[in-house]
1. Of the numbered conditions (1) surrounded by fewer than 18 Cβ atoms within 10 Å (Cβ to Cβ); (2) outside any helix (DSSP H, G or I), residue 244 fails exactly one; give the number of that condition.
2. Being buried (at least 21 other Cβ atoms within 10 Å of the Cβ) and closer than 18 Å to residue 565 by Cβ is the filter here, so list the residues in region 513-536 that pass it.
3. Mind checking which helices (runs of 4 or more DSSP H) fall wholly inside region 449-507 and carry at least 1 residues that are more than 27 Å from residue 162 (Cα to Cα) and outside the structural domain of residue 388 (by TED's automatic domain parsing)?
4. Could you grab me the full set of residues in region 640-683 that are in a loop (DSSP other than H, G, I, E, B) and within 22 Å of residue 699 (Cα to Cα)?
5. For region 264-298, what are the residues that are more than 32 Å from the chain's Cα centre (by Cα), outside any loop (DSSP other than H, G, I, E, B) and touching a residue at least 24 places away in the same chain (Cβ under 8 Å)?
6. Could you go through region 684-705 and let me know if any residue there is under 15 Å from residue 746 (Cβ atoms), part of a helix (DSSP H, G or I) and out of contact with any helix residue (DSSP H, G or I) (no Cβ under 8 Å at 6 or more places or on another chain).
7. Just checking: which of the helices (runs of 4 or more DSSP H) contained wholly in region 62-181 hold 1 or more residues that are under 40 Å from the mean Cα position of the chain (by Cα) and closer than 22 Å to residue 214 by Cα?
8. Confirm whether residue 795 is more than 30 Å from residue 867 (Cβ to Cβ) and outside any helix (DSSP H, G or I).
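The values are calculated or read from the model by the stated rules, or taken from the named source; none is laboratory data. Please read these numbers as outputs of a predicted model, since none were measured by experiment. Cβ: placed from backbone, ideal geometry, glycine included. Neighbour counts: every protein chain shown.
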């Protein structure tokens, strides 16, 4: 500044204070500050306050603090002025340090203005413990009933998420003013209690308070969150009526609301209507474009701001950096970073946090870590940005370490921190750490925050801890659409269609509007043919709601129709999709693979290549099981080698299974040798291949080699080993395997123990199987079905029926496999009436559509019991063409019981449905056995006329 050469001659406090206020460079401020010290004016309240405020405006809080500490006789007025300056400039942590130091060194005391500034700072930096300590001090000093202090405390508790405490403070205010009502509405809004915010607005109106700009600023964002566009527009009109639109804060708030509704036209009109466009308004426009996926427009607005001569602040840079993160080019972000440095904002923590987030989104984690480590101050915002970066880049271990450092820095996590650390726990696979976070959330009052609770719901669902998730859902104070979507998705994973539909209906009764994610979450839970009606209803609902053009929904619908057996509907829907992605093609291929339509899969693959789609690993996983020849499989393998430089383990193992299907075990071994030998999945695949192809010796050799390689087995390994025991029918090997399973800690694995029960039953040790079954802590349907089958194999039909009844009393609902087990047991035990009863129960009571296997069991049961006419009538009523094996089995039963009449009808049916040499021979033998030589000779003559030859070695009548 031009007057610097005259500074030594100036000593008047008013002149020095004026010069301090006019400083535009920190160097000039240093010189004037030296004059203040030389002239002994460091105790002048006016000069000290001006110097502190100026240092803070230059971003030098440590120098401002040193100015204040140099004052020998601090007054209450000076303390309050300095604290207010630190608060106005956003240096809340320094404010708390100054106040703590003054308290320990004999402060001039505190009044309502002191306490309100300190409480505000505690809220800004989320110092929960400090805020509670100040609250205690307030009560001791007799300011507990002061309106200003009570309002500040209510605001503090709202902002740190302890809204229960905030409401208690608010209820204790004897004479509330408009500010305290606004704090309550803001608290409800910021903590996600949207309906309560509207209720508080209603109560405020009943108390005869007219809303002001602050009221509207707090309530209008709720309309955006609830997607209540009409209500938002009504509040806009109400604000106009109340004369609140003239306030500066209103235009940015309304712009944010209309931006939330995607109405950028209204946003531009509001912006153009403003006579004075200040920086806040420009920032709102940049944020509106960024929020609506218009990063180019956001950057252009930033350019216009620069041309208008506006100096960007940290809010501007935070919004612009958010837009840069959504662009594909990191060069924009680096350019904005240079502007940040140019305007001296590089040390502003909020800007540093935005830079950390931006570089993390671009995968430049090293740059993010450098910015984080070199930051002048580490606050919670910066920690949260780094935590989010670790989550985004799939580094949960570093995320958990960063979360621990939050406590070492003396900070308290907020809701964002908790959401991030829960995500890290889920990605890291650490259930115990997640439960610890749950305990911390409960202790510190975060259970009132919907977003945090939704993260916990998702966490427990990811770990299949459905019981915890359901209890948590029931205990939640408020539930939004995300909460319901998470629970519906959990029900879908569990395959409980009835609960999905019930939850959807209850969601509507609680006035929670479903969204696109709700429908997409529901569809995977509809997978049974009998549930197709539900699927079609939700499809219709999606169309009615305008979601039918969404590609993700179309993909989910394609899979749903395929799962329910309507592949043609899947194909029709696929053809109607306007914008197909790789996922769309893969969904259709998966549909055909499930229905074993290999030729269609190859056709789709060829069309997919013609369409220019990028083939993914899922595409290959659909193709490999569909190969009809070894040559075709080798071609697909070659294609994957050319296009996937680092194939995933799933692709490698699927290729091994393809070669095993064509019994090319040498190629399996070669692929296995190329995989990581420390990978248990590779060993499991090799052993499973040998087990499935009944090469027990090779399987056991592989298992020994795996142990020599010091690879720890898992439950899949144990299942392959148990399967080998079953093939070898060796009770000794089964017992050794059982010991090994217990030794390795798999004794509590339900699937492994189920396999052992099956082995013991098949090797004749039904009592050992029963002991295992009784000791099993968690019995699933497979456990019950396996034990029932075991009793059936040993002729214990009665015991099987008793066990079935016990299963139903235990609350287990039998499925089609369970009924197959009990029907087989009845067949082996000759329990005809009981078997018929179970079959009818399966259809009438449990609405299970019988499969071929169920009909075969029932027909075999009736045949063994001599009820041949009933069995034959059932055959004629079958909803499918009976196989030759089923008919020949019934024919054998006719021969055994000497019923030639029914046997002749069965033989004729075989000849009609499965004509061939063996069919003629069967009927000819039936006639011969009945002494009807003329008919027998006629059939053999007909065979010679048609040049049919009897296959050697067949003697059907001996069955």
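1. The number of the failed condition is (1).
2. If the condition is that a residue be buried (at least 21 other Cβ atoms within 10 Å of the Cβ) and closer than 18 Å to residue 565 by Cβ, then 523, 525, 526, 534, 535 are the ones that fit.
3. Values: elements: 450-462, 466-475, 481-494.
Fully inside region 449-507 and qualifying: 481-494.
4. Going residue by residue through region 640-683, those that are in a loop (DSSP other than H, G, I, E, B) are 644-648, 662-664, 675-679.
Scanning region 640-683 gives 662, 663, 664, 675, 676, 677, 678, 679.
5. Across region 264-298, the qualifying residues are 279, 280, 281, 282, 283, 285.
6. Checked region 684-705: no residue is under 15 Å from residue 746 (Cβ atoms), part of a helix (DSSP H, G or I) and out of contact with any helix residue (DSSP H, G or I) (no Cβ under 8 Å at 6 or more places or on another chain).
7. Working: elements: 76-88, 92-104, 112-124, 128-140, 147-159, 163-171.
Passing ranges, in order: 76-88, 112-124, 147-159, 163-171.
8. Numbers: more than 30 Å from residue 867 (Cβ to Cβ): no; outside any helix (DSSP H, G or I): yes.
Judged against the criteria, residue 795 is not a match.
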